[in-house]
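All of the numbers you see were taken from the coordinates with simple rules; none came from a lab. Because the structure is predicted, anything quoted here is derived from the model rather than measured. Quick reminder, even Gly has a Cβ in these numbers, built from the backbone with ideal geometry, and neighbours come from all protein chains shown.
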Amino acid sequence: MRKTMFEYKPPQDLLKNKTILITGASDGIGRACANSFADHGATVILLSRTQPKLEQVYDEIEARHPGRVIIQPLDLRTAVSEDFKLLADSIDEQFGCLDGLLHNAALLGARNPIEFYPDEDWKNLMQVNVNAPFLLTKVLLPVLSRATDGRLLFTASSVGRQGRAYWGGYGVSKFAIEGLMQTLADELQDTTSIRVNSINPGGTRTAMRREAYPAEDPNTQPEPEALMPVYLYIMGPEGSGFHGQAIDVRGFTGAMQ
């Protein structure tokens, strides 16, 4: 039986005066989060490698909320520590703190048996899906720690919680993300206000889903916008009770899972 989507009607100013960075913000779930967070009061910093798409999202948000959106073109496949440090320094100088960080960017990569998995795909996928979130989180922890109610949210997958054949590097990378989330949650629990969690959006009508399931009717999956009540809840004040949790959008009730 299909699980119902979480029903939540947040106040329009839920994220007022919050600054949130979203990776992979030019399309799909990242784009929906950018628009939704801005519509609920946040200033959003949008990171992606595709500048034309980023500019489209910028224009969408800027038209409704002037001055509350910033774009940061950056290719996570080639970014190095200094690139992330420059970004962190810029956020520190402009805002003084960061209230939320959503790691949404990811590559799907080849879907082969491990025996035949392309070496280059593995390297690129681990760089984007694991190394980049590690490096970006590391340099942003000081500004995240200054928030009074910070959020650090990693994007998970069901194939990163239970291994599945032929999901190769993608599945392995998502297992790594769960480990990074749990480690950070334990380290930060008593030293900062940052709440650290992972979120599994489940099947969603995105380009990555179409690539992974080319024979699937996309209309059988919800649009990214349908997931936003859960993302808003976790990013907002009511999400402060969630820490070190592996959250699933499907079946989410607002209670600890």
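Computed quantities for the displayed model
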{"read-out": "Size of electric dipole in the range 19-248: Cβ of Lys, Arg +1 and of Asp, Glu -1, about Cα centre, debye, nearest 20", "value": "260 debye"}
{"read-out": "Added length on full extension, which subtracts the Cα-Cα distance from 0.36 nm per residue, Lys9 to Gln94", "value": "27.5 nm"}
{"read-out": "Within the chain, helix-based [θ] at 222 nm, where runs of 4 or more DSSP H residues each add -39,500 (n - 2.57), nearest 500", "value": "-12000 deg cm²/dmol"}
{"read-out": "Centre separation in Å (Cα based) which lies between the range 25-61 and the range 130-152", "value": "19 Å"}
{"read-out": "Among the listed pairs Lys18/Lys123; Lys18/Lys138; Lys18/Lys85, those beyond 23 Å (Cα-Cα)", "value": "Lys18/Lys123"}
{"read-out": "Calculated FRET efficiency for the pair Glu55/Ala226, C-beta based, R₀ 35 Å, to 0.05", "value": "0.85"}
{"read-out": "Extension gain (nm, one decimal) between Glu216 and Val80, 0.36 nm per residue minus Cα-Cα", "value": "45.3 nm"}
{"read-out": "Stokes-Einstein D (µm²/s) once Rh is taken as the Kirkwood radius of the range 69-195 over alpha-carbon pairs, at 4 °C in 1.567 mPa s", "value": "83 µm²/s"}
{"read-out": "Gain in span if fully extended, Asn17 to Ser158, counting 0.36 nm per residue against the direct Cα distance", "value": "47.4 nm"}
{"read-out": "Given charges at beta-carbon only (K, R positive; D, E negative), |dipole| of the range 76-130 in Debye", "value": "220 debye"}
{"read-out": "Relative contact order of the range 19-248, defined on C-alpha pairs under 8 angstrom at six or more residues apart (%)", "value": "19 percent"}
{"read-out": "Spin-label model distance (nm) - Asp186 vs Ala255, 7 Å beyond Cα toward Cβ", "value": "2.8 nm"}
{"read-out": "Residue exposure sequence - Glu211, Glu115, Glu62 - by fewest surrounding Cβ within 10 Å", "value": "Glu115, Glu211, Glu62"}
{"read-out": "[x] 1.25; [y] 0.95; [z] 1.03, with the label sought being that of the calculated Cα Rg over 2.2 N^0.38 Å", "value": "[y]"}
{"read-out": "His243 versus Arg68: modelled label distance in nm, points set 7 Å from Cα along the beta carbon direction", "value": "2.9 nm"}
{"read-out": "C-alpha center-to-center spacing [the range 185-201, the range 230-251] in angstrom", "value": "11 Å"}
